[in-house]
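Okay, so here's the structure we're looking at.
The values are calculated or read from the model by the stated rules, or taken from the named source; none is laboratory data. Since the structure is predicted, the reported quantities are computational estimates derived from the model, not experimental observations. Note: ideal-geometry Cβ built from the backbone for every residue, glycine included; neighbour counts use all protein chains shown.
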Amino acid sequence: MPSEVDSVSEVRTWTLIGADGRPYQSERPGSLGGHRARKLYGLFTCPSALRAILRGGYVKNRVFFRDEATAVAAGYRPCAVCLPEKYAAWKVARAPKPTNHGQGNRSSFARDEAGNIAKPN
């Protein structure tokens, strides 16, 4: 006769990355995959990730996230291949802002009509 211990099945867990960037055990699998070294996340069906996995170079850096908010909070960016709209928005948001506040060229050198630097008087 089986004991009570025999009837308890082992609970499967998955290692996910939390918002703090640290791994934790979850009873549910993640919904997104990512690359630890490149700090990017994407869909499990991403053609770029699937090609990299087939080559074998991606697997050791593979990470998983519960959701997109967690991936972003952990400092990962969207994949340009499988999430192009989110990648484009991320890229625009991180683009450097102009430092001259719309005041044009702040160079101390004057230029002549041809664009050459004119010598001071």
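Just checking, does region 49-69 include any residue being crowded, with 19+ Cβ neighbours inside 10 Å, touching a strand residue (DSSP E or B) at 6+ places or on another chain (Cβ under 7 Å), modelled with pLDDT of 95 or more and assigned to a loop (DSSP other than H, G, I, E, B)?
yes
Taking region 70-85, which residues are in contact with a strand residue (DSSP E or B) (Cβ under 7 Å, 6 or more places away or on another chain) and without any contact (Cβ under 8 Å) to a residue 24 or more places away in the chain?
The answer is none; no residue qualifies.
Could you check how many residues of region 27-48 are hydrophobic (A, V, I, L, M, F, W, C), in contact (Cβ under 8 Å) with a residue 24 or more places away in the chain and part of a loop (DSSP other than H, G, I, E, B)?
3
G102 - would you say it is at positive phi, at pLDDT below 95 and of a type outside the set (F, W, Y)?
Here the answer is yes, as G102 does meet what is asked.
Which residue is farthest from the chain's Cα centre (by Cα), if the candidates are limited to region 11-22 and must be in a strand (DSSP E or B) and surrounded by 13 or more Cβ atoms within 10 Å (Cβ to Cβ)?
Filtering region 11-22 for residues that are in a strand (DSSP E or B) and surrounded by 13 or more Cβ atoms within 10 Å (Cβ to Cβ), the one farthest from the chain's Cα centre (by Cα) comes out as W14.
Pick from region 70-93 the residues that are part of a helix (DSSP H, G or I) and among the basic types (K, R): which of them is farthest from G18 (Cα to Cα)?
Result: K91.
Those residues that are under 17 Å from the mean Cα position of the chain (by Cα) and either of a type in the set (D, E) or more than 18 Å from K39 (Cβ to Cβ) (or both), I need them from region 50-64; list them, please.
Across region 50-64, the qualifying residue is only L50.
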